[in-house]
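Quick note: the coordinates plus some simple rules give every number you see, no bench work behind them. Bear in mind that the values here come from a model prediction, so they are computed numbers and not experimental data. Every residue, glycine among them, receives a Cβ derived from its backbone with ideal geometry; neighbour counts consider all protein chains shown.
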Amino acid sequence: DAGVIQSPRHEVTEMGQEVTLRCKPISGHDYLFWYRQTMMRGLELLIYFNNNVPIDDSGMPEDRFSAKMPNASFSTLKIQPSEPRDSAVYFCASSFLQGIGYGYTFGSGTRLTVV
Amino acid sequence: RKEVEQDPGPFNVPEGATVAFNCTYSNSASQSFFWYRQDCRKEPKLLMSVYSSGNEDGRFTAQLNRASQYISLLIRDSKLSDSATYLCVVNKGGAGNQFYFGTGTSLTVIP
């Protein structure tokens with residue numbers, strides 16, 4: 001099993017540019033989560049999907065952030081326009097049955113720097 | 001109040017020592033509990049689930065106290081390779097059952 005695959009691993013962009021982060025969950029997992037991690041705030045849940053449908057996006061910071069899951073094997077998190085305060089590590093995670101009893105499997109993350 | 005609270009540490013212990021971390025959670029309806037390990041600049045990885053009766057995995061023992069709403073992780077005979085950040089994870093409980101992560105406790109095992 002290849003695990004959860006995220007791309008790119010690192011992204012450096014200028015303020016105001018659009019950023020797209022990508023995630024391929026583990027095959028057969030029906031839940032997908034997007035998290036953001038910073039030193040100050042730790043891991044924050046941004047949004048999660050069940051069977052490709054967004055269930056809770058209350059953690060999305062503002063309208064500049066959007067996420068899609070067009071099929072069971074692909075999701076994107078888009079930031080437009082990006083700002084320096086968006087600099088963080090963005091993790092995608094997937095699970096089966098909401099992770100009950102199993103937890104989540106995380107991807108390697110995308111380290112985003114907005115300058 | 002945060003959903004999950006942990007002492008951030010850092011804990012610096014010599015090799016071979018026993019170290020314990022505690023974590024408190026606020027939602028009494030929570031049903032699933034985990035400890036994750038995160039190495040520097042890496043993703044969090046599941047270390048172990050925490051069961052009501054307590055459970056052990058080699059040198060690691062996890063316990064749950066529902067009455068006091070806290071979870072503990074005990075590491076015996078610490079190894080250099082145990083150096084990492086340990087994250088306490090609790091589910092929201094009820095509908096919309098996502099997980100909350102603590103900010104982590106940093107452990108450094110010293111030779």
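Observations on the structure shown:
- Isolated Cys residues of the protein assembly as shown, judged by Cβ distance under 4.7 Å to other cysteines: B:C40
- Within chain B, the longest segment free of exposed loop sites, counting trypsin sites (Lys or Arg not before Pro) that fall outside DSSP classes H, G, I, E and B and have at most 16 other Cβ atoms within 10 Å, spans B:3-40.
- Centroid-to-centroid separation of the stretch A:75-95 and the stretch B:15-70 [C-alpha atoms, Å]: 27
- Two-decimal Rg to Rh for chain B - Kirkwood Rh, Cα set: 0.96
- Its residues counted as N, the stretch A:40-88 yields a C-alpha radius of gyration over 2.2 N^0.38 Å of 1.20.
- Near A:I47, the amide H atoms lying under 5 Å from its own belong to A:W34; only residues 5 or more places off or on other chains count, and H is placed 1.01 Å from N.
- Computed from Cα atoms alone, the Kirkwood hydrodynamic radius reported for the protein assembly as shown is 18.1 Å.
- Relative contact order of chain A, defined on C-alpha pairs under 8 angstrom at six or more residues apart (%): 37
- Entry note: the stretch A:17-101 has Rg to Rh equal to 0.96, where both radii use alpha-carbon atoms and Rh is the Kirkwood radius.
- Using C-alpha pairs under 8 Å with a sequence gap of at least 6, the mean separation divided by the residue count of chain B gives a relative contact order of 37 percent.
- Residue (of A:I79, A:T38, B:V13) at the positive-pole extreme of the protein assembly as shown, dipole from beta-carbon charges: B:V13
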